[in-house]
Amino acid sequence: MKLKSLAFRLFATSAAWTLLVLPIAGVIIYRLYRDDVQASFDARLEKLVNSIAVDSMGGEKAPIAPANRYEPLFEDFHSGWYWQIKPVEDGIAPSLASASLGDAKLELPITRDIKPDANGARWMGSTGPAGERLRMVEVIDSPDSREQTPRYSIIVAGPVDWLESRVANFLTRLTIALFLTGVGLVTVTLFQVRFGLLPLRRIEQGLAEVRSGSAEKLEGELPAEIEPLQDELNALIASNQEIIDRARTQVGNLAHALKTPLAVITNEAREDKGALGAKIAEQAEIMRDQVNHYLDRARVAARVGVIGRATPVQDVLEPLQRALERIHRERSIAIHVECAPDARFAGERQDLEEILGNVCDNACKWAKSRVNVAVSATGGRKSPGRLAIRIDDDGPGLSDEQRARIGKRGVRLDETKPGSGLGLSIVTDLVQSYRGSLTLARSPLGGLRVEVDLPSA
């Protein structure tokens, strides 16, 4: 997934939103749970203190020790759960405490001027005899409210660590649950993006097939949002083909329109035996050659880059190899071909035949006994690739100066070989028309190496 891709933008946006919302939701859930546990803890303390107050203040003038039927930890020494009954005013009134408190004393919230709540209870944090943190609740009561009896502070304390441990355990489970939820949501988001953009992948594959010549247009059912894109692309492909067909027709019409007058001029000039007639005939021949040359270039240019044109290279090389071996049978020229099976030329078959035919025929003419042809393809489905064609022969080869001159139109290095001498210059024109390149170098076989670079389908 590329950083600039639409898939990455959708995935990153959704993932960022997920990673933002889940921590916020986690904080809210954690605080709600903590408040709920705190309220439950306080309710338990308040229930215990009220129960102890009811049981202990049943005496006539002094409190009595309540039976431990509330919390077993009141009997465990320094367990963190304590109760204490102590007179508010100093005097000879007795004090009572749970077995867990031992000889220690708890500080009275009333002495610190803590205001009672709506139920008359005072709440305070303190430290226990073992150094533990405590949360205490205090109520003030008397054994007999009808007489002037001392007031007593009744306190129940519980360990804050009990509260914190439960909140910490919940936080751990909540973190794991939210983490797994986040991973699941990110995974589902990735799948959703991939699945949602799958029609675009089909469009991409369809365009690659059209470009390579495997299909003439985009086909298949697509979602309603993507279907107009398919229709417009098919219309564009059809329009491109119509433009090319029109250009070919105009080139053909121009060729016929020019060749007929030139033929008439040439015939008339040849009937004139004078110097003027010879000069006109000569120039008419030059004009015809130029017209043919530029019409051929226009014909090739009209075909270059046409969507859907693809020629398997192996289908061109095999018959060419057989034909050249028959032509040069008397000289026993062996042609060795190595061609990738998937090598495809992005152009017309006849143009590839002309390029390979001229170059391979020239190699056979100059070779002593061997010509090697190697074709490799680079690139892939997503981007146009290139064809690398290499032709080697074991002939005399060319010097650096000769290789620099060989591409010039009409230049021949030796008149001893048959042909017009225009083969490589025609090949150069064709290769350049396809935005390719042709280079000459020394071959490992000792002769000439011709390297042709062309677009592949």
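A few remarks follow.
- For region 108-141, residues that are of a type outside the set (Val, Ile, Thr), farther than 18 Å from PHE41 by Cβ and either out of contact with any strand residue (DSSP E or B) (no Cβ under 9 Å at 6 or more places or on another chain) or surrounded by fewer than 17 Cβ atoms within 10 Å (Cβ to Cβ) (or both) total 8.
- LEU207 surrounded by 12 or more Cβ atoms within 10 Å (Cβ to Cβ), among the hydrophobic types (A, V, I, L, M, F, W, C) and touching a residue at least 60 places away in the same chain (Cβ under 8 Å): no
- Test: LEU101 is surrounded by 11 or more Cβ atoms within 10 Å (Cβ to Cβ), within 13 Å of TYR152 (Cα to Cα) and touching a residue at least 12 places away in the same chain (Cβ under 8 Å): no
- If only residues of region 261-290 that are under 26 Å from GLU354 (Cα atoms) and modelled with pLDDT of 75 or more are counted, the one that is least open to solvent (accessible area, probe 1.4 Å) is GLU285.
- Pairing each residue of region 165-182 that is within 26 Å of GLY80 (Cα to Cα) with any residue that is hydrophobic (A, V, I, L, M, F, W, C) and open to solvent by less than 80 Å² (accessible area, probe 1.4 Å), provided the two are 6+ apart or on different chains, yields C-beta distances under 8 Å for ARG166/VAL37; VAL167/VAL37; PHE170/VAL37.
- Against the numbered list (1) at positive phi; (2) at pLDDT below 70, ARG435 comes up short only at (2).
- Yes/no for ARG202 being closer than 30 Å to THR18 by Cα, open to solvent by 80 Å² or more (accessible area, probe 1.4 Å) and free of Cβ contacts under 8 Å to residues at least 24 places away in the same chain: yes
- Screening ALA39 with (1) closer than 29 Å to VAL139 by Cα; (2) touching a residue at least 24 places away in the same chain (Cβ under 8 Å); (3) open to solvent by less than 70 Å² (accessible area, probe 1.4 Å) gives one miss only, at (2).
- Only strands (runs of 3 or more DSSP E) whose full extent lies in region 307-406 are considered here, and the ones with at least 2 residues that are open to solvent by less than 10 Å² (accessible area, probe 1.4 Å) and of a type in the set (A, V, I, L, M) are 370-378, 385-393.
- Members of region 430-447 that are in contact with a helix residue (DSSP H, G or I) (Cβ under 7 Å, 6 or more places away or on another chain) and crowded, with 19+ Cβ neighbours inside 10 Å: LEU430, VAL431, SER433, LEU438, GLY447
- Residue match in region 306-329 (condition: in contact with a Gly (Cβ under 8 Å, 6 or more places away or on another chain) and modelled with pLDDT of 80 or more): yes
- Any pair with Cβ under 8 angstrom, 6 or more apart, that starts in region 70-85 at a residue that is free of Cβ contacts under 8 Å to residues at least 12 places away in the same chain and ends at one that is of a type outside the set (Gly, Ala, Ser) and open to solvent by less than 60 Å² (accessible area, probe 1.4 Å): none
- Residue, most open to solvent (accessible area, probe 1.4 Å), within region 210-260, restricted to residues that are assigned to a helix (DSSP H, G or I) and under 17 Å from ALA457 (Cβ atoms): ARG211
The values are calculated or read from the model by the stated rules, or taken from the named source; none is laboratory data. No experiment lies behind these values; they were computed from the predicted model shown. Here the Cβ is made from the backbone with ideal geometry for all residues, glycine too, and neighbour counts use every protein chain on show. The protein model used for the area step is the full one, side chains on, heavy atoms only, and it has no ligands, DNA or RNA in it. Shrake-Rupley method; radii C 1.70, N 1.55, O 1.52, S 1.80 Å.
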